[in-house]
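Undergrad: Shown below is the structure under consideration.
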Amino acid sequence: MSADADQRAIRCLVAKVGLDGHDRGAHVIARAFRDAGFEVIYSGLHRAPDEIVQAAVQEDVDVLGISILSGAHNTLVPKVVDGLKEYGAFEDTLILVGGIVPDDDKKKLKEMGVAEVFGPGTPMADTIEFVRNNAPDRA
Amino acid sequence: MSRAEETDLVDRLLDGDHRALARTITKIENRSPGYRELVSALHEHTGEAEVIGITGSPGAGKSTLVDKLAKTYRDRGETVGIIAVDPSSPYTGGSVLGDRIRMASNVGDMDVFFRSMSARGTLGGLSTATGDAVKALDAFGKDKIIVETVGAGQNEIDVVRTADTVVVLVQPGSGDDVQMLKAGILEIGDVFVVNKADMSGASKTVADLEEMIHLQGDPTANLDLGHHGAGGGFEKPDVADSPDESEKNGEGGDGEEGWTADVVETVATSGDGIDELIETLAEHREYLERSGRLTEKARTRYAEEIRTLLREDTGSLLESEIDRRGGMESFVDAVVARKTDPYTVADELVEPLRECLDGDD
C-alpha cells in the first residue's frame, strides 16, 4: 500500500452475541479475514445486541459478521438490525450470519436484511470472496 | 464526495451525529477524496479537548487501563473519545484490532466513542491520520481524548506525541535498571504507570523507574547519587518532543518549575490506582496550562503538521513531474548507466519548483 494513494481497507466486525460461548469459529474467521488483508475488529464473547450496534456504528465497519451457534438468531439478529437502523448504519453495512441456522430461518434472516448466512463447512475462501464482492462501495 | 456532502457531514458531526463522526474518521483513514476539506472545516471547532496518549509494550494492560479511565471520566460527567491503534500485518496489510474487547465498563454508553485504527503499514502516515481523527473527536465535543498505541517503534511514538500528556505503561519485571536507561518510549513519558502492581517485582520496577526519572530530571540528584555525567544530554521528557525549543532544562515560561514525571501504581483489572492516575493527569494538565507549555506544544505540533503536509504535497507534485518526464524507471536507467547521478536527477526535477519560489527575489 502506498502512502499517498488509496488507503482503503475492508473493515469487518466479527461479533459474538448472546450467551453462546463458543468462539473458536470466530477466531478462525478473524484470522482468515486478517490474512485476506481485511481489518478485523473482534467483539469478544457474550456481547449484547446493543454493544454490537455501538461497535458497528463507531467503527464504521463495511461488514458485520455475527456468529451465533446457540440457535438464538431469531431473537438477536433483529435487535442488531433495528439498532443499526436507529443510527443510520443499516443501509451501508453488509450483514452476515455464521452458525447453525435452519433453512426456514435463513429465509427470514435474509428478508430482515442479512446478506448471507454461512453454515458449518463453508469454505473460508467462499466467505472471503463473498465479502470482497459485496462489501459496500463507499466513496 | 461533493462539496455539499462534506458540508453536510461536518454539520451532522458538529450536531452530535455518531454515524457522521464515524464516517469522518473513515474518510480520514482512507484519505478519501475530500478528506482534507473535511479536516480543514473541523479545525476551527477544535482546541477544547484534553488529549492523553497511552503507550507501552503489548500486554501491559493499556486497553484495560483506558477502559477504567474512560469509566471514571464518565462517572464525573465528562465525555470521552478513544482511538486505539493496533499493528497491521507486514505481509497482507490485514489486522485484528482487539482493543475493543477490553472496553467492558463502557458498554452501551455512546458517549464513549471508541475507534480502532490499524497502522496500515504506512510510513509516517499514521500519526497524520491519528492527529486528524483526534481533531474530529475534538470538534465533536469530547472532553477527554485518549490515544492508545503499542510502543513498538518510531511511528507509534510519533502517534502518542500528538497528545498533550503522554502516559507510558510499564509491566513489573520488564527488565532491570539498565533497560530503563535505553532510549525509546521511556524518554517520552510525562507520567509512568506500573500496571499489574499486584505482581511480584512491581516495587522494584517502580524504584528503577524513579531512579531513571531522577537521573534525567534533577541535576542535584545526580550529585547525591555520586554518578557522573548524567546531566549532560538528558532532557526532560516534556521538552524532549520539541527539539526546536530553546529551553532544554524543563523550565517553564517564566521561571516556573518544570515537570518531574510521576510514577503511579495501578491494577487496571480491579481499578486500583485509577483515581490517583487521574489526579496525576490533571496535575500535569494544570502544569501545562500554568507554565504555558500547552500553548507551546500546540504551536510546535501545528508547525510540524504544516511541514508534514508540505512534504507530502510537494512529494506528490514531484511524483507527477517524474511521470511527465518519462517515469522513474528511465531516470534509474540513466543512473545505473552512469550517465547521471541521483543528486543531479533530484536537482533537475526540483528546478522548476525552485524557479517558481525563488523567482520573485
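The values are calculated or read from the model by the stated rules, or taken from the named source; none is laboratory data. None of the values given here were measured: they were computed from a predicted structure. Virtual Cβ from ideal backbone geometry, glycine too; neighbours counted across all protein chains shown. To get the accessible areas, we keep the full protein, side chains included, count just its heavy atoms, and leave off ligands, DNA and RNA. Shrake-Rupley method; radii C 1.70, N 1.55, O 1.52, S 1.80 Å.
Undergrad: Amide H to amide H, which residues 5 or more places from B:Gly53 or on other chains are under 5 Å from it, using H placed in the peptide plane?
TA: Hits under the 5 Å cutoff: B:Val147, B:Asp164, B:Thr165, B:Val166, B:Val167.
Undergrad: Starting from the Cα of A:Asp137, step 7 Å along the direction of its Cβ; do the same at B:Val335; then give the gap between the two resulting points in nm.
TA: 3.8
Undergrad: Evaluate the distance, in nm, between pseudo-label points positioned 7 Å from the Cα of B:Arg307 and of A:Arg24 along their respective Cα→Cβ axes.
TA: 5.4
Undergrad: Could you calculate the contour length gain from B:Tyr91 to B:Leu318, that is, 0.36 nm times the residue separation minus the distance between their Cα atoms, to one decimal place in nm?
TA: Once the chain is fully extended between B:Tyr91 and B:Leu318, it gains 78.9 nm.
Undergrad: To check my understanding: the extent here is largest minus smallest coordinate of the Cα atoms along each principal axis. What are those three numbers for the stretch A:1-111, in Å, largest first?
TA: For the stretch A:1-111, the Cα extents along the three principal axes come out at 46, 31, 24 Å.
Undergrad: Now for a separate question. What whole-number value in Å² describes the accessible area per residue of the protein assembly as shown for a 1.4 Å probe?
TA: Dividing the accessible area of the protein assembly as shown by its residue count gives 46 Å².
Undergrad: Quickly work out the B:Ser57-to-B:Glu286 label distance, labels modelled 7 Å from Cα along the C-beta direction, and quote it in nm with one decimal.
TA: Going from the B:Glu286 label point to the B:Ser57 one covers 3.4 nm.
Undergrad: State the percentage of accessible surface on chain A attributable to carbon and sulfur atoms; use a 1.4 Å probe and exclude ligands, DNA and RNA.
TA: Here carbon and sulfur together make up 52 percent of the probe-accessible area.
Undergrad: Counting other Cβ atoms within 10 Å, which trypsin sites (Lys or Arg not before Pro) in the stretch B:282-361 have at most 13 and lie in a DSSP loop?
TA: Hits after loop and neighbour filter: B:Arg325, B:Arg338, B:Lys339.
Undergrad: A further question follows. With the Cα gyration tensor of the stretch B:1-134 giving a ≥ b ≥ c as the square roots of its eigenvalues, does the rule (a/c under 1.5 for rounded; else a/b larger than b/c for prolate; else oblate) give rounded, prolate or oblate?
TA: Verdict is oblate for the stretch B:1-134.
Undergrad: Using a 1.4 Å probe and ignoring any ligands, DNA or RNA, find the accessible area of B:Val335 and quote it in Å² to the nearest 10.
TA: Approximately 40 Å² of B:Val335 is accessible to the 1.4 Å probe.
Undergrad: While we're looking at this one, here's another question. For the protein assembly as shown, give me the percentage of DSSP beta bridges that are antiparallel, rounded to the nearest 5 percent.
TA: 0
Undergrad: Right, something else. Buried accessible area for the B:A pair, summed, 1.4 Å probe, in Å² rounded to 100?
TA: 3000
Undergrad: Grab the alpha carbons of the protein assembly as shown, take their convex hull, and tell me the volume per residue in Å³.
TA: 196
Undergrad: Based on alpha-carbon centroids, what's the gap between the stretch B:334-353 and the stretch B:275-326 in Å, whole number please?
TA: Using only Cα atoms, the two centres lie 32 Å from each other.
Undergrad: Within 10 Å of each candidate Cβ there may be at most 15 other Cβ atoms; applying that plus a DSSP loop requirement, which trypsin sites (Lys or Arg not before Pro) in the stretch B:65-141 survive?
TA: Qualifying residues, ordered by number: B:Arg76.
Undergrad: First check a/c for the stretch A:63-139, with a ≥ b ≥ c the square roots of the eigenvalues of its C-alpha gyration tensor; if it is under 1.5, answer rounded, and if not, answer prolate when a/b is larger than b/c or oblate otherwise.
TA: oblate
Undergrad: Continuing with the same structure: Using a 1.4 Å probe, how large is the accessible area of B:Glu348, given in Å² and rounded to the nearest 10?
TA: Result for B:Glu348: roughly 90 Å² accessible.
Undergrad: Determine, from the Cβ-Cβ distance of B:Leu349 and A:Leu45 and an R0 of 41 Å, the FRET efficiency 1/(1 + (r/R0)^6), rounded to the nearest 0.05.
TA: That gives a FRET efficiency of 0.15.
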